[in-house]
1. State the extension gain, in nm to one decimal, for the chain segment bounded by residue 724 and residue 117, taking 0.36 nm per residue of separation less the distance between their alpha-carbons.
2. Carbon and sulfur together cover what percent of the accessible area of region 310-401 at a 1.4 Å probe radius?
3. Quick one: what are the phi-derived ³J(HN,Hα) couplings along region 289-295, Karplus 6.51/-1.76/1.60 with θ = phi - 60°, whole Hz, x for glycine and proline?
4. If you stretched the chain out fully between residue 641 and residue 792, how much longer would it get, using 0.36 nm times the residue separation minus the C-alpha to C-alpha distance?
5. Let me spell out the model: positive unit charges on the Cβ of Lys and Arg, negative unit charges on the Cβ of Asp and Glu, origin at the Cα centre of the chain. What dipole size does that give, in debye rounded to 20?
6. Pull out the extension gain between residue 716 and residue 356, defined as 0.36 nm times the separation in residues minus the alpha carbon to alpha carbon distance; nm, one decimal.
7. Round to the nearest 10 and give me the degree value, 0 to 90, for the angle of helix 443-455's Cα axis relative to the longest principal axis of the chain.
8. Each label point is 7 Å from the Cα along the Cα-to-Cβ direction; what then is the distance between the points at residue 110 and residue 598, in nm?
Amino acid sequence: MLHSCARSTGLHFASPFQFSFQTTRFQYRSFLHPVLGSASSSPLPLPSTEPVSSVHVDLLTLCSNAQSLRQTKQLHALCLLNGLLPHSVSLCASLILDYATFRDPESFRILFHQTVQNCRTAFLWNTLIRAHSIAGNGMIDGLQTYNRMVRSGVQLDDHTFPFVLKLCSDSLDICKGMEVHGVVSKLGFDSDVYVGNTLLMLYGNCGVVSDARRVFDEMPERDVVSWNTILGLLSVNGDYREARNYYFWMTLRSGIQPNVVSVVILLPISAALEDEEMTRRIHCYTMKAGLDSQVTTCNALVDAYGKCGNVKASWQVFDEMVERNEVSWNAIINGLACKGHFCDALDVFRMMIDAEVKPNSVTISSILPVLVELEYFKAGKEIHGFSMRMGTETDIFIANSLIDMYAKSGHSTEASCIFHNMDRRNVVSWNAMIANYALNGLALEAIRQVILMQETGENPNAVTFTNVLPACARLGFLGPGKEIHAIGIRLGLTADMFVSNALTDMYAKCGCLHSARNVFNTSHKDEVSYNILILGYSETSDCLESLNLFSEMRLLGRKPDVVSFVGVISACANLAAVKQGKEIHGVALRNHFYSHLFVSNSLLDFYTKCARIDLACKVFNQILFKDVASWNTMILGYGMIGELETAITMFEEMRGDTVQYDLVSYIAVLSACSHGGLVEQGWKYFSEMLAQNLEPTQMHYACIVDLLGRAGFVEEAAELIRCLPIAPDANIWGALLGACRIYRNVELGCWAAEHLFEIKPQHCGYYILLSNMYAEAGRWDEVNRVRDLMKSRGAKKNPGCSWVQIHDQVHTFMAEERAEGFESGGWLAESF
C-alpha cells in the first residue's frame, strides 16, 4: 500500500535495502535501527515504547533514502496521512535530519515543536542539535537548543555531549566548550570514551593542545579513535617527536592496534622527522594487517619514504601499487623533488602523462619548482600553457608556483601579470611577488609590495621579511629597513631566527654594525648569525671583532663553515695579523676546508697582503682547480712586492691554463706594467682587453694614466683624460697628480688637484701633494693658500699607526706614543 501511495505521488526511491553510508569525523555507538543506515539516519537509540509496523518501517526506510527537499516534504505528507505524526518520534527525527540535509531549518523546527511533547528522553533534542550542525545555519541555534534543553529539565545523556561539543569545536568556542566540559564532569560522563574523543577534538581544534593531552591522559578508557585524534593533533601542531612517543605508547602498552586512519596519520609524522626506521616499522605492520593494498596507505608510504631520502623504497612501493590515483603520482614526484632528484621527478611526470593520468593543481604546482631547479624555463612556459588550457592558471597554488618560476628566470613582468590576474591571493602569493622584485633588482617595488600587502589586510610573515630585507641590504636602504624592523617587532616576528639573521645582515650591509650587533645580542643564534657579523666586521676598521666572534663561535661548539673562514681570514689580511692568520689556516686544515676554493683564495689574499708571497705560492700550487680569482690574487701579490716580471709571466701562464681573463686580471697586469714602466706592453694588454669586449672601468683608465705618467708622458695622460667616455674619478685624477709631482708639471698638477678637491674635499693627501709641488717650484704664496684651504675644509692628516703583537694581544700605537708597563727584554714582540 505504501509503495502504491509513493508511486501515485511521483516518488522514485531505490530499493529499501540499498543504503549509502556517510563517513563522519567522529565514531559513535552503533545504536542504529536495523533499517536505518543512510546519511540522514540518526545514530541515536530509538524510543523502545514506540510501536513498529510495516508501514512505519517502510517510511523510515524511504526517509533514509530521500534525494531532495521535495521528496522529504512528500514523505512528511505520507506520514501525516498515515497518522504516524506527531506521535512517531523516530519518523520525526528522520525527517528533521532530512530537512537539515536540504537546508530547510524552518520546517525541522516546526516538526520538532509538534512532536517534542511525545518524547520523554533527550533523543529528539539531540536530533535537533545535530540538525542545526548539518544545516549549517549557525552554531548559535544549536547551542541555544542545548541551553533550552537544560532549562527545560531534560535529562542529558551520553549522546547529547558529543553533538554539543562538536558545535563548540566547529565554532572554536572554547569558553562554551569548557562550560560543557564542566557539566560532563559533574554528571559523570567524562568516563565515556565517545565524549572523551569529542573533548579531544574540541581542545585540539581550539589550539589548546596541552588541555587535549590532559583529557587524553585522564581518559579511563581509550579506543583507536582516541589515539588517532591525539596523534593527529600533535602532528598538526608540529610536535612530531611527542607524536612519535605516543605512537610507541599506543603500539607497545595500550594493546590497541592501529587502523588505516592511524597509518595515514603516522606516516607523515615519520616523514617530517625523516625517521626511516619508524616508516619501515609502520610499513611492516601494514603488510601484516593487510592494509598495504589500500591506495591511501600506499600513497602515505610513498611520501614518507621519499621524504626520508630512501628513493629506492619509495619507488618500489609506488611500482607495486595495484591501484594509483593522482595523489600517488604527486607523492612520488614530491618525494623525488624534496631530495633533489629533479631529473627523476621530471621523468615521473612524463610517465604520468603517458599513463593518461590528468595532472591536477597539486601536480602542476609541484613540477614547476622542479623545472626551475633544472632551469628548464621553456618547459615551465609549456606547463603554464597547459594550465591555461585546463583553466587552472588562476588556481592559487599554480599561480604562486608560476610567479616563482618567472621570477627566478628573470621575467619579472610575466610574474607581475600572473599576480595581478589572480582572483584570490594569500600570504604566499605576496611573498612570491616580493621575492620576484627583490631577485630582479627592483628593491623599491619589493618594499612597496610589503606596504600594499598590509593595506589589503594580509599580515606579513617571517618569509616576507627574509625576502624584503635583503633587497634593503643590497641598495643600502637603512631607513626602509628600520621601518620593516619596526613592523616585525609589532607582529612579534623578530624572535624568528631567520628574520633576526636577515635584520643583522641588513644592518651590517648598510654600515650600521652597532644596530647589527644589538639584533645579534638579543636573538637566537646559529652559524649564519656569526658569519654575518664576522664578514661585516672584516670589511671595517674594527677587524679584531671578527677574530673575537670567530673564537666565541668555536668556544660555544658551533662549527665554522666556508663563510666563517673567508670572513675571518679577510679580517686577518686587513690587520696584517700573520700569527692569527696562520693559526686559522691550521684550523682550516684540521677541518678539511683547505681544499675549498673560496678558502684557498682567501688565504692567497691574506699571505700576499702580508708580503708572504712564499706561503701564498705554496697555497696556490696546492689548489687543484684554480679559478680567475686565484690567478688574479697572485698576479697582484707579485706586483705589490715589485716582482713585475713574475707577475706578467703568471698573466701569460693564466692564458695557458684555459682560464678566461676578467676585468680584475687586466687591472693586475696593467698595474704591474705601470710600476715597471712597460708602456708598450701595457698598451698591448689594454688593446687586448678592448678586443675581448670587456668594458674598461675607472680603475683601468687610472692604470693607463699611471702607466703614461710614470713613464713621463704626462701630456699624453692628460689628453687621455680629456677624451674619456666616462667622468674621471679620484683614482684617475690622483694618478695624474702623482705623475705631475714626479715630473714637476705644476700647471697640469693644479688642474688635477682642482678636480680632486671637488671629489674628495676631506682627503688631506691631495692638498699636501699640491703644496709640495708649489714649494719645489718656489711658489710660497700658493703653498700658504693651499694650506689655508686645507684648514678651512677641515682636512687633517691622519697620524702614523703601528700594530704590535704581545703574546695573543694586538696593540695599536700612534706616532710618539709609549707603551707603559713593559720591561725591555721581558717579553717578545712581533711587529707587523
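The values are calculated or read from the model by the stated rules, or taken from the named source; none is laboratory data. Owing to the predicted nature of the structure, the values given are computational and were not obtained by experimental measurement. For neighbour counting, all protein chains shown are included, and Cβ atoms are generated from backbone atoms with ideal geometry for every residue, glycine included. Just so you know, the surface numbers come from the protein's heavy atoms only, side chains and all, with ligands and any DNA or RNA stripped out. Shrake-Rupley method; radii C 1.70, N 1.55, O 1.52, S 1.80 Å.
1. Working: separation 607, 0.36 × 607 = 218.52 nm, distance 10.29 nm.
Between residue 724 and residue 117, full extension yields an extra 208.2 nm.
2. On the way: 2410 of 4690 Å².
Within region 310-401, the accessible surface is 51 percent carbon and sulfur.
3. Karplus-based 3J(HN,Hα) across region 289-295 equals 8, x, 9, 6, 8, 7, 5 Hz.
4. Value of the extension gain: 50.6 nm.
5. Details: 67 positive and 86 negative charges, 411 e Å.
Once rounded to the nearest 20, the dipole reads 1980 debye.
6. Values: separation 360, 0.36 × 360 = 129.60 nm, distance 7.48 nm.
The span from residue 716 to residue 356 would gain 122.1 nm if fully extended.
7. Computed tilt is about 30 degrees.
8. In this crude spin-label approximation the distance works out to 7.6 nm.
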